[in-house]
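Below you'll find the structure, written out as structure tokens, and then a few comments.
Coordinate-derived values only; no laboratory data. None of these values were measured; they are calculated from a predicted model. Counting neighbours? That spans all protein chains shown, and the Cβs are built from the backbone with ideal geometry, glycine included.
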Amino acid sequence: MEECIFCRIIKGEIPSFKVYEDKKVLAFEDINPISTGHTLVIPKKHAENLWEISAEDLAAVHLASKKVIKAIKDTLNPIGVACLQLNGRGANQIVMHYHLHLIPRSIEEPELPVSSWEIKQGDMKSIKETAERISEAVE
């Protein structure tokens, strides 16, 4: 897609701080990082979100992320790494090109709001009904 910033990065029209690249995937540093080493892993073939990405490209992104997260661990020695992937504007996806955030966490950093929420038991009947509806729709 011509207007997609990530497609333009892949084409080399916009510079990036490349971490990893193969024939299907590009990984580069986020220029608005949550923490040091915040890396984005993207497919080279444009797909807007998890609904659109091919199984082959999705697998390639996650296999590459395993290589990158090992390098993050070996280099930065984080206490953990958050793997975050958002789908659609309602989930606050800003760049409409599938991407996986690898966000290293250190002991002095605050919790990520998306990884910390109040634990409270839900309505078991409602949860069961929702699970059944989703289960029936899985193809």
For the range 10-99, which chymotrypsin sites (Phe, Trp or Tyr not before Pro) pass both filters: DSSP loop (anything but H, G, I, E, B) and at most 13 other C-beta atoms within 10 Å?
Phe17, Trp51
Measure nothing fancy, just the Cα-based angle from helix 124-137's long axis to the longest principal axis of the chain, in degrees from 0 to 90, nearest 10.
60
Taking Ile34, Ile119 and counting other beta carbon atoms within 10 angstrom, the fewest-first order is Ile119, Ile34
Summing -39500 (n - 2.57) over the DSSP H runs of n ≥ 4 in the chain and dividing by its residue number, what mean residue ellipticity at 222 nm do you reach, to the nearest 500 deg cm²/dmol?
-10000 deg cm²/dmol
Pairs to check: Lys23/Lys67; Lys11/Lys70; Lys23/Lys66; Lys18/Lys70. Give those whose C-alpha atoms are more than 21 Å from each other in this structure.
Lys11/Lys70
Kirkwood Rh (inverse of mean 1/r, distinct Cα pairs), the range 8-81, angstrom:
13.0
Surrounding net charge for Gln85, when Lys and Arg each add one and Asp and Glu each subtract one, Cβ distance under 15 Å
-2
Tell me, for the chain, which Cys residues have no other cysteine's C-beta sitting closer than 4.7 Å.
Cys83
Cα long-axis angle, helix 55-76 against the chain (0 to 90 degrees, to the nearest 10):
70
Candidates per GluC sites (Glu not before Pro) in the range 2-99, loop by DSSP, up to 11 other Cβ within 10 Å
Glu2, Glu3, Glu13
Measure of size requested: the Rg and Dmax of the range 5-137, with Cα atoms as the atom set and Å as the unit; please supply both.
16.9, 52
If you average the sequence gap of Cα pairs under 8 Å that are 6 or more apart and divide by the length of the chain, what percent do you get for the contact order?
22
Counting other beta carbons within 10 Å of each Cβ, put Lys67, Lys128 in order, fewest first.
Lys128, Lys67
